[in-house]
Amino acid sequence: MQNARRSMHCLSGCFIAVLVLFLFTGCNSAQHSDPVAANSAPPTTDTPAPADMPAPTVPATPVAEAATNAPAAPVLPPVRIKAGLFNSFTDSDGNVWLPDQGFADGDTAERPDDLQVANTKDPVFYRTERYGMTAFSYPVPNGKYILKLHFAETFDGISGPGGRVFSFNVGGQEFKDFDIWVKAGGALRAYIETVNVEVTNGKLEIAFTAKEENPEINGIEILPAP
């Protein structure tokens, strides 16, 4: 009888041990059953940016810089430039002259207000000048023009012919050994040299070359040819 009870106790203990082992194995399996499924969702790549994230910087376009460095647009004549004067000038015919510009090198001079210049309605026009320049350039549309170059010998250091001699070239036309005194017929006399010129590169250009003393000029008119 005691042996039967001992056998029953042994069977009960074995059953409980098996049950505990089964439960433990099942729980452990449930915790580790599907590692692939738990991690199977791939990370998303289109997560929206936070609201306070700054917008991406767009590179500045180079167009503005290119425009800044672009050459001046051609100016439609008539164009009148008063050499040696740094504000605009209106002559007796009502023509407005731009201040001194377009010249390379040289300097300017101004004569006394009481200086009288013959052969002109505007003696005051010839009281300022540009001298010692090597070139002049001004943008104009391609085409044919009448160029008027204004001169007068007002420097008291020139006392006769040959005192000031220079050359200038306009559109391939050479004016060699130009002497204002000879052209005007003496000192303090206005003289206008008229040149027909054709512009093909968008600029009216004059080159000056000194020979005796400095080249000198009082004004430049660029007029459309009829």
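Quick note: the coordinates plus some simple rules give every number you see, no bench work behind them. Note that the structure is a prediction, hence the values are computed from the model and not measured. Neighbour counts are summed over all protein chains in view; Cβ atoms, including those assigned to glycine, are modelled from backbone coordinates with ideal geometry.
What to note about this one:
- Residue-wise HN-Hα coupling along segment 193-202, computed from phi with Karplus coefficients 6.51, -1.76, 1.60 (Hz; x: Gly, Pro): 9, 9, 10, 8, 9, 10, 9, 10, 10, x
- Near Gly157: Cβ cut-off under 12 Å, other residues only, Lys/Arg at +1 and Asp/Glu at -1. The net charge is -4.
- When you count the other C-beta atoms within 10 angstrom of each residue and take the mean per peptide, 107-117, 198-208 line up highest first as 198-208, 107-117.
- Our coupling estimate for segment 151-157, obtained by passing each phi through the Karplus curve with A = 6.51, B = -1.76, C = 1.60 and θ = phi - 60°, is 9, 7, 8, 10, 7, 6, x Hz, Gly and Pro reported as x.
- Amide hydrogen proximity for Ala118: with H placed 1.01 Å from N in the peptide plane, the residues at 5 or more positions away or on another chain lying under 5 Å are Arg189, Ala190.
- Cα-based shape type of segment 85-214, given that a ≥ b ≥ c are square roots of the gyration tensor eigenvalues and the cut on a/c is 1.5: oblate
- Listed peptides 161-174, 121-134, 79-92 by packing density, highest first (mean Cβ within 10 Å): 121-134, 79-92, 161-174
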